[in-house]
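Here the structure is laid out as structure tokens; the discussion comes afterwards.
The values are calculated or read from the model by the stated rules, or taken from the named source; none is laboratory data. Owing to the predicted nature of the structure, the values given are computational and were not obtained by experimental measurement. Please note: Cβ atoms are built from the backbone with ideal geometry, for glycine as well, and neighbour counts cover all protein chains shown. Only protein heavy atoms, including side chains, enter the accessible area calculation; ligands, DNA and RNA are left aside. Shrake-Rupley method; radii C 1.70, N 1.55, O 1.52, S 1.80 Å.
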Amino acid sequence: MPSPSPTPLPRLERRGTSARLIVDERPLLIRGGELGNSAAHRAYLAGRWEELERLGLNAVVAPAYWELVEPTEGAFDWSTVDELIEDAAAHGMRVVLLWFGTWKNSMSCYAPEWVKTDTARFPRGRDAQGRPLEILTPFGDESRDADARAFAALMAHLREHDTDRTVVMVQVENEIGMIREAREHSDLAERAFASAVPDALLARLAEEPASLQPSLRARWEAAGARTAGTWTEVFGAGAETDEIFMAWAYARYVEGVAAAGRVELDLPLYANAALIRPGSAPGQYPSAGPLPHLSDVWRAGAPSLDFLAPDIYFPNFAEWATRYVDSGHPLFVPEALRSIDAAANALYAFGAHGAIGFSAFGIEQIDDRAGELLSASYDAIRQLSPLISEHVGGASMIGLLPPEGGHRPPHRVRLGDLELSATYEHEVSPGLADGVINEADDRAADRARLPAAAIVIRTGDDEFVIAGIGVTITFAGADPSPDVIGILRCDEGGFDDAGDWRTRRRLNGDETHQGRHVRLVPGAVTIQRVALYRYR
Ligand code: DGJ
């Protein structure tokens, strides 16, 4: 008897500026939650999985710890990884595995004890005064090779033992970034800094300068667009050059690790970044990580990564998401703030950018209110998943999120030949809300602000599926035309398990302001199917 064909490997399929994650030959939109750093232990998670299920997660984003999987060099203990995978699968969830290897939030705290204590073999970075840092230098070849061997062993272990492919993607390291200074000053680093810029990076600069990130291009051109020279010759002196230099070093190290893993198991791989606090300069934020302004450096240095990903804790969620997409990366948000805004940011990520996934950090600690809203949002995304996946990368789907700062409503967004004008409601009007917000335990502070966002999918010429919370939308032609656009019909409902639409009620009268607009009430995530018509 022929043996059954193995489960196909999860893979990315590029679609325009987005990508679909294909798992079991079907697109998977990750409705995720990242576990707290010390949470990926069976005993700790026991009794917590049910809550993760109630939140509507279809994946956990969770660490594999180098210090625990290789406590002695060359001797591996996979129990934490295996138990995580088993327990996630038992609760119907996939896993995005985070390799907490050489770096975790800049530091090297997850390096095994045999690495931490052998500073001759695994050298530290140093500050400008020569003091050692708890950060392994990316110029340590032995460190890179040790990490690569461990990562390769992990991927080989997944290949042999996770045959159902519960693990669908792997993050290489975590929030790499140089801190306190934009570059480190160990002897190894100083030597590299005084050497020529490697050809591979120079070739990338010269290949298509117009496609480079503007700040990188500006620095290179200001220094004379040289095709040879040391780092200061090619990019000029200063903290920005220090950052480019470190980004290249980190990317090359990560490439060594990622490529070694990929040989064992060809799963999608990515690196995540801590973002830049407004107004801070290189050295004041975790510098040189997989940030959008360094995207060209990381891409050229670490081609084995499929994409770079932002951990978005700042309020300008849309801006950071867009910067990653604009610099050529499909959007996956491995970490987002687990506040009430997570519900809105998730809707926006899938609608505006056809995201691979969204995941709130510290998910097992989410509070009741944020959890209720996020699960409502995830439930709408679950129902819409086939539709969203179909429209990923096209011009027929948008996401609406209130624009940041200084914006005068309405928020106008183009969708083909239509202009949608959105206004956002951040408070519940008693009597109009429907679901989630319970007036009885409604606390004044929480009422002060609710999240607002929507996904709009154009399913036909003048037909739409719209899901969201706290958004009112009017429709007009985007270009001059004698046609007036009206609402033909508007139904509230959802998709059943077979994917068929089920109307719960016809919305008209007050609910559409007598046919003037589509309104997604605040405080609850609802889905509507809307048809427009045109008249003269
Ligand atoms: C970002 C890191 O990537 C996470 O592992 C965690 O440390 C969070 N910060 C904490 O806010």
**Study point:** Cα-based helix-to-principal-axis angle, 368-391 vs the chain, degrees rounded to 10
**Key:** 90 degrees
Revision key, fill the gap. Taking only protein heavy atoms and a 1.4 Å probe, the highest-to-lowest accessible-area order of 466, 179, 276 is 179, 276, 466
Check your understanding: Where does helix 79-90 land angle-wise versus the long Cα axis of the chain, in degrees 0 to 90, nearest 10?
Key -> 10 degrees
Practice item. Take the Cα pairs of the chain, get the Kirkwood Rh, then feed it into Stokes-Einstein at 37 °C and 0.692 mPa s and tell me D in µm²/s. Key: 133 µm²/s
Exercise for review: Give me the accessible area of residue 368, 1.4 Å probe, in Å² rounded to the nearest 10.
Suggested key: 130 Å²
Practice item. Quickly estimate the mean residue ellipticity at 222 nm for the chain, helices only: each DSSP H run with n ≥ 4 gives -39500 (n - 2.57), and the total goes over all residues, rounded to 500. Key: -9000 deg cm²/dmol
Exercise for review: Please give the direction-averaged projected area of the C-alpha convex hull for segment 108-162, in square nanometres with one decimal.
Suggested key: 4.2 nm²
**Study point:** Gyration tensor (Cα) of segment 62-220, equivalent ellipsoid semi-axes in angstrom
**Key:** 33, 22, 13
Review point. Where the only charges are on Cβ atoms (+1 Lys, Arg; -1 Asp, Glu), what is the dipole of the chain about its Cα centre, to the nearest 20 debye?
Key: 1280 debye
**Study point:** Longest to shortest principal axis, alpha-carbon extents of segment 277-328, angstrom
**Key:** 30, 25, 14
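If you wrap a convex hull around the C-alpha atoms of segment 1-58 and split its volume per residue, what is the figure in Å³? It would help to have the intermediate numbers written out before the result.
Numbers: hull volume 9.5 nm³, N = 58.
Given the Cα convex hull of segment 1-58, per-residue volume reads 164 Å³.
Compactness ratio of segment 26-89: Cα Rg over 2.2 N^0.38 Å, N = residue count?
Working: Rg = 13.1 Å, N = 64, 2.2 N^0.38 = 10.7 Å.
The value comes to 1.23.
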Practice item. Mind listing the long-range amide H neighbours of residue 124? Cut-off is under 5 Å, sequence gap 5 or more, other chains count too, H placed in the peptide plane at 1.01 Å from N. Key: 137
Review point. Considering only protein heavy atoms, what is the solvent-accessible area of residue 178 at a probe of 1.4 Å, reported in Å² to the nearest 10?
Key: 0 Å²
Practice item. Specify the angular offset, from 0 to 90 degrees and rounded to the nearest 10, of the alpha carbon long axis of helix 341-353 from the longest principal axis of the alpha carbons in the chain. Key: 90 degrees
**Study point:** Total formal charge among the other residues, if their Cβ is under 15 angstrom from that of residue 418, Lys/Arg +1 and Asp/Glu -1
**Key:** -3
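Hey, what's the Cα Rg ratio for segment 161-237 versus the globular rule of thumb, 2.2 N^0.38 Å? Don't skip to the answer; put the middle values down first.
Numbers: Rg = 17.6 Å, N = 77, 2.2 N^0.38 = 11.5 Å.
Working it through for segment 161-237, the quotient is 1.54.
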**Study point:** Other-chain or far-sequence residues with amide H under 5 Å of residue 70's (modelled H)
**Key:** 77
Practice item. Could you list which residues have their amide H under 5 Å from that of residue 333, counting only those 5 or more apart in sequence or on another chain, with H placed in the peptide plane? Key: 357, 358, 359
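How high is the relative contact order of the chain, in percent, counting Cα pairs under 8 Å that sit 6 or more residues apart?
Working: 1189 pairs, mean separation 72.5, N = 536.
Dividing the mean separation by the residue count of the chain yields 14 percent.
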Check your understanding: Using alpha-carbon positions, what is the distance between the centroids of segment 167-225 and segment 487-524, in Å?
Key -> 50 Å
